[in-house]
1. Return the pairs, sorted by first residue and then second, in which the second residue is buried (at least 22 other Cβ atoms within 10 Å of the Cβ) and small (G, A, S), the first residue lies in the stretch 59-70 and is within 19 Å of R86 (Cβ to Cβ), the beta carbons are less than 7 Å apart, and the residues are 6+ apart or on different chains.
2. Do you know which residues across the stretch 82-98 are crowded, with 24+ Cβ neighbours inside 10 Å and modelled with pLDDT under 95?
3. Is there any pair linking a residue in the stretch 109-123 that is in contact (Cβ under 8 Å) with a residue 24 or more places away in the chain and among the β-branched types (V, I, T) to one that is in a helix (DSSP H, G or I) and surrounded by 11 or more Cβ atoms within 10 Å (Cβ to Cβ), with Cβ under 7 Å and at least six apart or on different chains, and which?
4. Out of everything in the stretch 70-80 that is among the small types (G, A, S) and assigned to a helix (DSSP H, G or I), what residue ends up being surrounded by the most Cβ atoms within 10 Å (Cβ to Cβ)?
5. Quick check, is R103 within 16 Å of D33 (Cα to Cα), crowded, with 16+ Cβ neighbours inside 10 Å and basic (K, R)?
Amino acid sequence: MTGESGVSERASAPGSARSRPSRGVATRAIALDAVAVIVFAGTGRLSHGEGLSLGGLLRTAGPFLAGALLAWLVVVSRGWAPYAWRTGLLVLAGVVVVGMLLRVVLGQGTAPSFILVATLFNALLLLGWRLLARRRTP
């Protein structure tokens, strides 16, 4: 039986790795992860005096969004709960690792300080919304 959150009521805890999420819950989680990555990219562009044009934002966020998408393919294929910590950690790894590899391929910067900032900022956003969602769930 599925509860209001779209997560199986048999799960041991809301957002636990054993939960079977509804499509709506997974879709919202994917959207929140995408928004988090776009906020990261937009913040970075603004902090470096670059504009927020759609093309510029897509060039900056694109590699990281591709990493999130790849991670979500694994999450969905495994049936992991969208709010689970391991989902957030896998999405974070996809965003950072795949995102940086694609930036290298595309000739974009991957300075060590950028990798550190990208990892920390994305960890704050990708894990932060999950923490808030878990606290909100009764």
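1. G67/G94; G67/G99; A68/G94; L70/G94
2. Listed by number, the residues that qualify are P82, Y83.
3. The qualifying pairs are T119/V96.
4. The first filter runs over the stretch 70-80 and keeps only residues among the small types (G, A, S), leaving 71, 77, 79.
Then keep just the ones that are assigned to a helix (DSSP H, G or I); that gives 71, 77.
Numbers: A71: 23, S77: 8.
Taking the candidates together, the pick is A71.
5. No, not satisfied.
The values are calculated or read from the model by the stated rules, or taken from the named source; none is laboratory data. It should be emphasised that the depicted structure is a prediction, and the values quoted were computed from it without experimental measurement. Don't worry about glycine lacking a Cβ; one is built from the backbone with ideal geometry, like all the others, and counts go over all protein chains shown.
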